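Enquirer: If you scroll down you'll find the structure; I have some questions about it.
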Amino acid sequence: MSSHREAPEISKDPVADSSDLYAFVSPDDPDTVTIIANYVPLQIPASGPNFFEFGDDVLYEIHIDANGDARPDITYQFRFRTELRNDKTFLYNTGQIKSLDDENWNRRQFYSVTKVDAHGKSTVLASKLQSPPCNVGKISIPDYDKLAEDAVHKLKTGEKVFAGQRADAFFVDLGAIFDLGTLRPFQDKHLVGSQLFNYAGKAVNATDKTNVHSIAIQIPLHMVRRDGKKRVRAKDAGAVIGVWTSASRRQVEVRGNSGDGDVVVGPQVQVSRLGNPLFNEVIVPMAEKDKWNSLPPSEDKRFAEFVATPELGALLPVLYPGLFDKLAALNKTKEPRADLLAILLTGIPDGLIDGFQNNTGALQADMLRLNTAIEPAAKENKFGLLGGDLAGFPNGRRVADDVVSISLRAIAGVTVPLVNADFEPDAAAALVEQGLSIKDASAGLLKKFPFLGTPFDGFGNPS
C-alpha cells in the first residue's frame, strides 16, 4: 500500500513502480545516511522460470535536496543490464549457484552508478557491479546470505551500494483498509462492520512473504549536507535533507518483431516517484495520481489542497460514528490542516517539538525529510515521532516504522495541537492503528547495511 499499486498506469508497470522509500541515519554507522528505494512490488517468491528483475530500459534515481528548493543537489542514477549466459536453456540456473560468477547462473544483472551534481554534471562512480540472483530455493542456492553479502559494493568515493531482491518489510492490512476503510481492531465500531462483528479483529499483513527489488545506498553525512559539514546541530537548517526517488523511461518505444528487440529513443520521461509514504496512495485523487507521478516535488503546490482537506479526515467521523466528533467539528470549520501541510509539504519547524525540526522552508514539496543530526534511537518506537522517538517517521523513515498507523493518527487529529493549542483530539485518535508491526512482516531485518532481510525463497514459499 505504501506505494505498491498507487496509480492506475504505474500499476501496469511494476518494474518502474517506486513502492517504498526509506531514509535514516545508519545505526551501523551513524556518520552515514542509508537510503533504500524499493521497486517491483508484491513479488511471489515462486516465480520461475522468469524470476523478477530490474528493467534494463528503466532509469532508477535517488534524489537528495540539501537546500530546501525541492530540486536535487545530488542524484544517484542506477542503470541495469541483463546478460544471458546460455541461450539454449529455459532455466534460470542449470545447477547450484554458489558465487556471483557461478557458471550455473544463467540470467544475471549488472548495474552502473552515476552521480549527478546540482549543476547537472555526471560522474560514473562504478560500472558492471553485480546484483545477486533471486532466491530460487535452498537446493539451487545453498547459501543465499553469502551471495547477498558479496553483492554489497564499497565505492572508491565512500558510498556503499546494493541492488537486488529483498524481503518486503512493509506491513499493511491492505484487505481491510480498502474495504470501506475498515481497521480490524475497530471493526466492531465501523458504520457497516458493527452490523457484522461484535468483537475486535486481528489485522492481516497483505504483503507478508512477498519480495521486492531494492536499491540501497549508504552515504557519508557530510556528502549530503548543504555545507558539507561533518557535525551539525539538530536545530541547524543544514542538518535537514529532502529525499525522493523516481523511475523514468524513454519517451518513445518501438516494439520489434519477436526476438528482434525493441528500439527506445527520446528523452527520459518520469513515470513514477515517491517521497512520503501513502502520499499518492491516499492523499492525491485517482484522477490526478498519474499526473503526480510525472511531476517533480517542486510542483507539489498544486496538490496542497488535498493535504489541507484530506478526504480520509472527512471519512473517519462517518465510518466510525461517535469516535471522532471533535475531528468532525474541526472539519466543519473548513480551516486548512496546517499540521498536515507542515508534516508532508514543508517539514516541521523548530519550536513545536522539543529538540526537533525537519523544516526545509516555505516551498511546498512532497519529500521524505530527514534531520541528519538526530542520532539513531537506542530503542525504536514503531510510532516514531508520535511515540516520542525523534529518529522515526516523519523524520525520515525507518524500516520498522508503522507509517500507516502514524498517518492515520495524524489525519485523525493528534498532530493538530502542534499548530492549535486549543484543540483537544478525540480519545480515539491516539488509539487508532492498523494493528500490525514489523513482527507481522515475517521478514527478518539485518542489523547492518542493506538492512532489509533475505528474500523469501520459491521452494519454501510456493504460493
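The values are calculated or read from the model by the stated rules, or taken from the named source; none is laboratory data. Remember, predicted model here, so these are calculated numbers, not experimental data. A quick note on method: Cβ atoms are made from the backbone with ideal geometry, for glycine too, and the neighbour counts reach across all protein chains shown. The protein model used for the area step is the full one, side chains on, heavy atoms only, and it has no ligands, DNA or RNA in it. Shrake-Rupley method; radii C 1.70, N 1.55, O 1.52, S 1.80 Å.
Enquirer: May I ask you to give the average projected area over all directions of the convex hull of the Cα atoms of region 176-267, in nm² rounded to one decimal? Intermediate values should be presented prior to the final figure.
Expert: Values: hull surface 56.2 nm².
So the mean shadow area of the Cα hull is 14.1 nm².
Enquirer: Mind putting together the pair-distance distribution for region 1-155? All Cα pairs, 5 Å bins, whole percent per bin, short to long.
Expert: Whole-percent P(r) values from 0 Å outward: 2, 8, 13, 18, 20, 17, 12, 6, 3, 1, 0.
Enquirer: Two-decimal Rg/Rh of region 9-97 from alpha-carbon positions, Kirkwood Rh? Mind dumping the intermediate values first?
Expert: Values: Rg = 17.2 Å, Rh = 16.2 Å.
When Rh is taken as the Kirkwood radius, the ratio is 1.06.
Enquirer: Also, quick follow-up: Testing the spin-label approximation: label points 7 Å from Cα along Cα→Cβ at Phe178 and Lys447. State their distance in nm.
Expert: 3.8 nm
Enquirer: Okay, next question. For the chain, compute Rh as the Kirkwood radius over C-alpha pairs and then the Stokes-Einstein diffusion coefficient at 4 °C and 1.567 mPa s; write the answer in µm²/s, rounded to an integer. If you can, show how the numbers build up before the last one.
Expert: On the way: Rh = 22.9 Å.
Using the Kirkwood radius from Cα pairs, D works out to 57 µm²/s.
Enquirer: Which is farthest toward the positive dipole end of region 212-358 among Gln268, Ile348, Leu316, measuring Cα position about the Cα centre, with Cβ charges +1 (Lys, Arg) and -1 (Asp, Glu)?
Expert: Of the listed residues, the answer is Ile348.
Enquirer: Equivalent ellipsoid semi-axes for region 319-461, as square roots of 5 times the alpha carbon gyration tensor eigenvalues: give them largest first, rounded to whole Å.
Expert: Numbers: eigenvalues 176, 85, 33 Å².
Working from the Cα gyration tensor, I get semi-axes of 30, 21, 13 Å.
Enquirer: Restricting to DSSP H runs of at least four residues, report the calculated mean residue ellipticity at 222 nm for the chain, -39500 (n - 2.57) per run over all residues, nearest 500 deg cm²/dmol. The partial results should precede the final answer.
Expert: Numbers: 8 runs with 50 residues, N = 463.
So the helix-based figure for the chain works out to -2500 deg cm²/dmol.
Enquirer: Accessible area of Tyr144, 1.4 Å probe, to the nearest 10 Å²?
Expert: Rounded to the nearest 10, that gives 10 Å².
Enquirer: If the only charges are +1 at each Lys and Arg Cβ and -1 at each Asp and Glu Cβ, what is the size of the charge dipole of region 250-289 around the Cα centre, to the nearest 20 debye? Could you put the intermediate results ahead of the total?
Expert: On the way: 4 positive and 5 negative charges, 21 e Å.
Roughly 100 debye for region 250-289.
Enquirer: Largest first, what is the accessible-area ranking of Ser122, Ser405 with a 1.4 Å probe?
Expert: On the way: Ser122 75, Ser405 0 Å².
Ranking Ser122, Ser405 by accessible area, largest first, yields Ser122, Ser405.
Enquirer: Val263 versus Asp143, label points 7 Å from Cα toward the beta carbon: distance in nm?
Expert: In this crude label model, Val263 to Asp143 measures out at 4.8 nm.
Enquirer: I've got another one for you. Can you work out the accessible area per residue across region 290-363, with the rest of the protein chains kept in place, probe 1.4 Å, in square angstrom?
Expert: Values: 3480 Å² over 74 residues.
Here the residues of region 290-363 average 47 Å² of exposed surface.
Enquirer: Also, I was wondering about something else. P(r) tail for region 92-144, what percent of Cα pairs lie past 19 Å?
Expert: Numbers: 580 of 1378 pairs.
Roughly 42 percent, once rounded to a whole number.
Enquirer: Given all pairs of different Cα atoms, what value in angstroms does the Kirkwood hydrodynamic radius of region 261-372 take?
Expert: Numbers: mean 1/r = 0.0625 Å⁻¹.
Hydrodynamic radius (Kirkwood, Cα only) of region 261-372 equals 16.0 Å.
Enquirer: Calculate, axis by axis, the spread of Cα positions in region 118-243 along the three principal axes, and write the results as whole Å, longest axis first.
Expert: Its Cα atoms span 62, 52, 26 Å along the three principal axes.
Enquirer: Then there is this: May I ask you to give the solvent-accessible area per residue for region 52-132, in square angstrom, as obtained with a 1.4 angstrom probe? Mind dumping the intermediate values first?
Expert: Values: 3910 Å² over 81 residues.
Roughly 48 Å² per residue, with all protein chains present.
Enquirer: Further question: Using unit Cβ charges (K, R positive; D, E negative) and no other charged atoms, how large, in debye to the nearest 20, is the dipole of region 1-142 about its Cα centre? It would help to have the intermediate numbers written out before the result.
Expert: Working: 14 positive and 21 negative charges, 125 e Å.
Computed charge dipole of region 1-142: roughly 600 debye.
Enquirer: Once both labels are modelled 7 Å past Cα along the beta-carbon direction, what's the Lys202-Leu315 spacing in nm?
Expert: Taking the two extended label points, one gets 2.7 nm.
Enquirer: If you don't mind, another one. For the chain, give the magnitude of the charge dipole about the Cα centre (Cβ charges: +1 Lys/Arg, -1 Asp/Glu; no others), in debye to the nearest 20.
Expert: Numbers: 51 positive and 60 negative charges, 151 e Å.
Roughly 720 debye, rounded to the nearest 20.
Enquirer: Same structure again: Based on the Cβ-Cβ distance of Val254 and Arg71, what FRET efficiency does E = 1/(1 + (r/R0)^6) give at R0 = 35 Å, to the nearest 0.05? Walk me through the numbers on the way to the answer.
Expert: On the way: r = 32 Å, r/R0 = 0.92.
After rounding to 0.05, the efficiency reads 0.60.
Enquirer: Moving on to the next point. Would you list Val15, Val240 from the most to the least accessible area, probe 1.4 Å?
Expert: Working: Val15 40, Val240 5 Å².
Result, largest first: Val15, Val240.
Enquirer: In the chain, what percent of the accessible surface is made up of carbon and sulfur (1.4 Å probe, ligands and nucleic acids excluded)?
Expert: Details: 10570 of 20110 Å².
Carbon with sulfur: 53 percent of the solvent-accessible area.
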